[in-house]
Structure formats: structure tokens, C-alpha cells
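Student: The structure under discussion is supplied below as C-alpha cells; questions concerning it will follow.
Any read-out appearing in this document is the output of simple, stated calculations on the displayed coordinates, not a laboratory observation. All values reported here derive from a predicted model rather than from experimental measurement. Cβ placement follows ideal geometry from the backbone for every residue including glycine, while neighbour counts extend to all protein chains displayed.
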Amino acid sequence: MRFYDPAHGRVLLDGIDISTINLHDLRTAISLVMQEPNIFNFNVMENILYGKLDATNTQILAAAQLSNCVEFIEKKELQRAEGATDVETAQMLRVQFESHKDELIALIGQSKYAEEIQALTKMEEDE
């Protein structure tokens with residue numbers, strides 16, 4: 001993320017010294033995945049969105065597949081179908097979205113918020 005420039009040596013990205021890359025462009029192209037446990041206080045979608053706030057549902061699914069966590073997510077879905085209480089339902093997630101409406105609209109915009117609420121409502125109906 002280039003929080004610091006090295007005092008000695010170089011950091012190369014595809015053979016290019018990162019000190020020559022525009023900092024904004026570099027940070028747009030890569031993400032920092034922190035190893036602190038507090039990131040896991042959120043659901044999977046929120047954790048993926050932590051890295052890219054404007055990610056679409058398709059991008060979220062692709063990120064889940066790329067990180068090999070689809071099996072984990074599917075296991076949670078199976079637990080939910082079997083009545084486990086520690087798994088969020090679409091209704092619970094929609095309620096959370098609605099309770100944080102202003103913050104979410106500020107982050108992702110009105111149209112994206114409406115799109116997500118519509119998707120959650122559809123998922124809720126399917127449940």
C-alpha cells in the first residue's frame with residue numbers, strides 16, 4: 001500500500017519500482033487485507049465490501065470464488081436452511097441495511113442502495 005517508502009532497496013511490482021507509480025493509482029489497483037480479528041465481526045458480504053465499497057453482487061461472488069470461501073458460504077447457507085440461529089437471513093440483512101440507510105447511501109449512492117434493498121427483498125421472498 002506504500003504507507004512507507006523503503007530506506008534501502010526497492011519494492012517491485014511486475015518489475016516496476018512502486019515508488020515510480022502514482023500512489024492513488026497503486027492503491028486503486030491493489031487492496032490491503034488486514035489480519036486483525038475485528039474485520040470478522042461482519043458478515044461475508046460486508047467483509048468483501050470492506051475492500052471495495054462499490055462492488056457489485058457479481059464482483060462480490062467473484063471475490064468469494066477467488067478467495068476460495070464459497071464452500072464456507074455455502075455451508076452457512078445450509079446451516080441456515082437447517083434452522084441454525086447464528087446465520088443471518090436476508091430479512092435480518094435488509095433490516096440492518098435499512099437501519100444504516102444514510103451511511104450506506106453516503107458510501108454507495110442512492111441507486112446502488114435501492115438495488116441492494118431490492119435484491120435483499122427478493123432473497124427474503126425466496127426464503
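Student: What FRET efficiency do you get for Ile16 and Gln59 if R0 is 25 Å and r is their Cβ-Cβ distance, rounded to the nearest 0.05?
Tutor: In this case the efficiency is close to 0.45.
Student: If I take R0 = 22 Å and measure r between the Cβ atoms of Lys122 and Ser31 in this structure, what FRET efficiency does the formula 1/(1 + (r/R0)^6) give, to the nearest 0.05?
Tutor: The formula returns an efficiency of 0.15 here.
Student: Residues with amide H under 5 Å of Leu13's amide H, sequence separation 5 or more or different chain, H placed in the peptide plane at 1.01 Å from N; which?
Tutor: Excluding prolines and chain starts, which carry no amide H, the hits are Ile18.
Student: Hey, another quick one. Multiply the residue gap between Met1 and Glu46 by 0.36 nm, knock off their C-alpha separation, and tell me the result in nm, one decimal place.
Tutor: Value of the extension gain: 14.1 nm.
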